[in-house]
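Report on the following structure.
Just so it is clear, none of the values below were taken in a lab; they were calculated from the coordinates. This one's a predicted model, so the numbers in the text were calculated from it and none came from an experiment. Here the Cβ is made from the backbone with ideal geometry for all residues, glycine too, and neighbour counts use every protein chain on show.
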Amino acid sequence: MLRTRLLLAACILVPLLGLVAADFLWNFGAPGIWLFPVGLAINAAAATELRAMAERVGPRPPLAVCLAGIGLVHLAGAIPIYGPLWNRPYPPACPLGPFGLAVAGLLAAMAVGFAWEMARYREPNGQALARLAYLSLSLVYLALPIVFLFALRRIPGNGWGLIALLSPIITVKLADAGAYAVGKSIGRTRLAPRLSPQKTVEGAIGGALAAAAGGLGCATVLVPALVPVEERGAGPQIPAWIGMGIAVALAGLVGDLAESLLKRDAGVKDSSQWLPGLGGALDLLDSVLFAAPVAYVFWLAGWIGPLG
C-alpha cells in the first residue's frame, strides 16, 4: 500500500511541478495562467465527491448545476489572471477588489440554483431548501477558497507570487506529514475521537512544528531561489514566516476535521477511490481550503513578502 501511495503521489507531483515551472517561466504576464485550469479541475472533482456524499443523506441539486456554479465562481475569480492576455489588466484601484468578481460569480451561481428550483417546483416537501443549502455549501466551502490561491499567485512580483501560492500548500502538507509521523510514533491523547480517531494532540503539535519548519524553509530556500536580490527588501521576516506556518497548520487541521465531519455524517471513509491509497480530490484539498485564506492574511498584511 505504501509503495502504491508513493508511486501515485509521484505521478501527481511530477506534472504539477512542471506546470508550476511553466507558470513561473512562461506566464505571458498573466501569473496563474497554467495553474487556473488545474484548480478548476480539482475543484470540480471535489464537488463531484461532495455531491456523492450528500446523496447518501438527503436531496441534492443536479451535478450540472453544482459544476456550473463552481465554474462561475472560478471564471469570475480568474478575470484578473487572463485580462493581461487581451491587454486588459485588472485595474489595481478597482472597487471590487480581488474578490469582488468571485463573490459576484457566487451570487450568479446561487441565482442559477434558485432558477432551477423555481422551474421544477411542484409542491412543498422541504427538498428545495436542502438542495439550495447544499449548493451554497459547495460554493462557499469549495469554490471560494480557491480564489484566495488565485489572489496569492497575483502577489506583486513573479517570484513572490509563486512563493505566496506554494508556501501555504507546502506548509500545510508538511503539517499533515508531521502530524502523521508524530501521532503514529508517540500519539496518545485523542484530539477528536468521534470525527477522526487517529488524530492526536501530540500529532497536532508535531504537525505545527513541521509547518513552522516549512515556513522557515520557504523563507530561506524559496525566497533566495525565486526572488531577485533587488526585490527582497530588508530580508526575510523569519518570525512571521514561522508564525505563518503554525497558523496555516492550525487552519489546515480545522479543514481536515471539517471534511472528516462530512465523511462521518455520510458514512464514508474517503471522499472517493479515485486515488487508491490517497482517497479523493477532496481528501487532498481539505486542509488547503482553510489554510489559503489564513496565508492570504499574512501576505496582504505585509507580515511576509513584498508588501510590508
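Mean projected area of the Cα convex hull of the chain, taken over all directions, amounts to 17.2 nm². With the charge dipole of segment 157-308 set up from +1 on Lys and Arg Cβ and -1 on Asp and Glu Cβ about the Cα centre, the Cα lying farthest toward the positive end among the listed residues Trp241, Gly302, Ala251 is that of Ala251.
The fraction of Cα-Cα pairs per 10 angstrom bin, counted from 0 for segment 179-282, comes to 15, 32, 30, 16, 7, 0 percent, rounded to whole percents.
Using the average count of surrounding beta-carbon atoms within 10 Å as a protection proxy, the listed peptides 71-79, 176-184 rank, highest first, as 71-79, 176-184. Calculated FRET efficiency, Arg188 to Val38, Cβ-Cβ distance, R0 = 51 Å: about 0.85 to the nearest 0.05.
Fully extending the segment from Val140 to Asp270, taken as 0.36 nm per residue of separation minus the present Cα-Cα distance, adds 44.7 nm. Spatial offset of segment 29-48 relative to segment 103-150 amounts to 20 Å, using the alpha carbon center of each.
The equivalent ellipsoid that matches the C-alpha gyration tensor of segment 24-154 spans semi-axes of 31, 16, 10 angstrom, in descending order. Computed per residue of the chain from DSSP H runs no shorter than four, each worth -39500 (n - 2.57), the mean residue ellipticity at 222 nm is -23000 deg cm²/dmol. Scanning residues 5 or more positions from Thr200 or on other chains, those with amide H under 5 Å from its amide H are Leu191, with H placed 1.01 Å from N in the peptide plane.
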